[in-house]
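One structure below.
The values are calculated or read from the model by the stated rules, or taken from the named source; none is laboratory data. Everything numeric here is computed off the predicted structure, so don't read it as measured data. Cβ coordinates were reconstructed from backbone atoms using ideal geometry, including for glycine residues, and neighbour counts include every protein chain displayed.
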Amino acid sequence: MATADTRPTIDAALARRLVDTQFPQWAALPLRLLDPAGSDHVIYRLGERLSVRLPRHAGAIGQAEKELEWLPRLAPRLPLAIPVPVGVGEPDFGYPWRWAVSRWLDGEVATVEALADSSTAAVELAEFLAALQRFESPAVKDLTGRPLADRDHETRAAIAEVGGVFDATAMTELWDAAVHAPGWDRPPVWFHGDFHTGNLLTVDGRLSAVIDFGGLGIGDPACDLTIAFTLMSAGSRAAFRAALDVDDATWTRGRGWALATGLNAYTAYAATHPRIAAQTTRQITEALIG
């Protein structure tokens, strides 16, 4: 059995065998690797209408079951399309975890170049989050969000590590403000949990879908404000905040989430992935601007 430090080898032959044996109704459909995919899953397009997602590491397991349970309930209530799971596969052929088959969503990954200055897109994203937050949230312990303060040690270490690249004083001031801001004092609500540019799709230049609900949970929605700093410019960010009616404390915590997640990705990947370096540099810089 794989551990957190052991990543199984995933290739087209494995994906083909898993699909053909567990979902023989789709055995005739071609498989095509989606590249680049995310850091958590290897993704194949299955025919024209389906996708196969196989967790790369132990930290990504559990998403298939969570999405199968909750996304069909959420989808009718949300103004943008989200993935619709159609099946969960079982471990086999040496692959240790459950995996998912979902409906394929057409679209291109959203870009800063196309949407940063779009107040229309910003308001659409605010409306999506508002609709998500309105959905009844059950008392399910496994879905409870992680407090921002849990990231304190790793974030301060990252600030020290990249102090020569970004303004360490400004980062420390923002982080102190975020972890000491008043907490969420209303009933817990649903959040996406990984709400950034790479998880938005567009069709013909307009937002069409939100994907990758592995971070889906219930609690403080400040983590979803990260999108304001990965995608938006100052003007569209103001429209987003007004449409979502975000108070000062929640906004400050949201800036903290953007800083913490940006630093985490920057220290992990920027040295070897120029695209991630550019994206996270923008995220950190915009979080400092506010």
Task: Among residues of the stretch 262-274, those that are of a type outside the set (A, V, I, L, M) and without any contact (Cβ under 8 Å) to a residue 60 or more places away in the chain, counted - done: 4
- [ ] Return yes when Pro55 is more than 16 Å from the chain's Cα centre (by Cα) and either at negative phi or small (Gly, Ala, Ser) (or both) and no when it is not.
- [x] no
Open item on the list: Residue pairs, Cβ under 9 Å, 6 or more apart or interchain, first in the stretch 212-223 and on the phi > 0 side of the Ramachandran plot, second part of a helix (DSSP H, G or I). List them.
Closed with: Asp212/Gln63; Asp212/Gly198; Asp212/Asn199; Gly219/Leu143
Task: Pairs, first closer than 17 Å to Ala181 by Cα in the stretch 139-164, second aromatic (Phe, Trp, Tyr) and in a helix (DSSP H, G or I), C-beta under 6 Å, six or more apart - done: Thr155/Trp175
Open item on the list: Between a residue in the stretch 121-137 that is assigned by TED's automatic domain parsing to the domain that holds Ala222 and in contact (Cβ under 8 Å) with a residue 60 or more places away in the chain and any residue that is buried (at least 17 other Cβ atoms within 10 Å of the Cβ) and of a type in the set (Lys, Arg), which pairs come within a Cβ distance under 9 Å, given they are 6 or more apart or on different chains?
Closed with: Ala122/Arg237; Ala122/Arg241; Ala126/Arg241
TODO: Return the pairs, sorted by first residue and then second, in which the second residue is in a helix (DSSP H, G or I) and among the hydrophobic types (A, V, I, L, M, F, W, C), the first residue lies in the stretch 166-179 and is over 19 Å from Asp248 (Cβ atoms) and in the same structural domain as Thr280 (by TED's automatic domain parsing), the beta carbons are less than 7 Å apart, and the residues are 6+ apart or on different chains.
DONE: Phe166/Ile284; Asp167/Leu288; Ala168/Ile159; Met171/Ile159; Met171/Leu259; Met171/Leu288; Thr172/Ile159
Task: Filtered residue count, the stretch 8-21, keeping only those that are surrounded by 13 or more Cβ atoms within 10 Å (Cβ to Cβ) and either free of Cβ contacts under 8 Å to residues at least 24 places away in the same chain or not polar (S, T, N, Q) (or both) - done: 9
